[in-house]
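Please read the structure below before turning to the comments.
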Amino acid sequence: MAKPRVEIEYCSQCRFILRASWLAQELLMTFGDELGEVALKPGTGGIFEVRLDGERLWNKKEAGRFPEPKEIKQLIRDRIAPAMDLGHSDRK
């Protein structure tokens, strides 16, 4: 069975690559064994979207802000490893 794939599409014009790569690093450190891939996809028009196996988890334009890493970690955990403890990033 293939492991899940996370895709972070970021606006290259806006230089969101640093935020996207930092988030990718956070996800790989948290879900290293559970994820098959974290991909960075350049885009335009102010985009910042996070997808898990094609399902959109976060859209900056809809939310009106960038996601906090813990929000993305919780959304991914709830789908791929519901029993996983995220430690300090977990909901209280």
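Rounded, prolate or oblate: which one fits the stretch 32-81, using the alpha carbon gyration tensor with axes a ≥ b ≥ c (rounded when a/c is under 1.5, else prolate when a/b beats b/c, else oblate)? It comes out oblate by the Cα gyration axes.
Could you give the angle, 0 to 90 degrees to the nearest 10, between helix 17-31's Cα long axis and the longest principal axis of the Cα atoms of the chain? So the helix axis and the longest Cα principal axis differ by about 10 degrees. Along Cα→Cβ, 7 Å out, is where each label goes; now give me the distance between the ones at Ser12 and Lys41 in nm to one decimal. That separation, rounded to one decimal, is 1.4 nm.
Placing a label point 7 Å from the Cα of Glu34 along the Cα-to-Cβ direction, the residues of the stretch 69-86 whose backbone N falls under 12 Å of that point are 72-86. Each of Arg5 and Gln74 was given a label point 7 Å from its Cα along the Cα-to-Cβ line. The distance between the two points is 2.8 nm. Is the shape of the stretch 3-50 rounded, prolate or oblate, going by the alpha carbon gyration tensor and its root eigenvalues a ≥ b ≥ c, with a/c under 1.5 for rounded and a/b larger than b/c for prolate? Note, shape of the stretch 3-50 comes out prolate. Given in Å, the Rg to one decimal and the Dmax to the nearest whole number for the Cα atoms of the chain are 12.7, 39. Among the GluC sites (Glu not before Pro) in the stretch 21-75, those located in a DSSP loop and surrounded by at most 14 other Cβ atoms within 10 Å of their own Cβ are Glu34.
Rounded to the nearest 10 degrees, what's the angle between the helix 69-80 long axis and the longest principal axis of the chain, both from Cα atoms, 0 to 90? Compared with the principal axis, the helix lies near 50 degrees.
Which one of Ala20, Ala39, Ala81 has the biggest mean-square fluctuation once the chain is modelled by GNM with Cα springs under 10 Å? With Cα springs under 10 Å in the chain, the top fluctuation among Ala20, Ala39, Ala81 is at Ala81.
Read-outs: derived from the displayed coordinates by stated rules, not from any lab. Computed from a prediction, not measured in an experiment: that's the story for all the values here. Every residue, glycine as well, gets a Cβ built from its backbone with ideal geometry; the counts of neighbours run over all protein chains shown.
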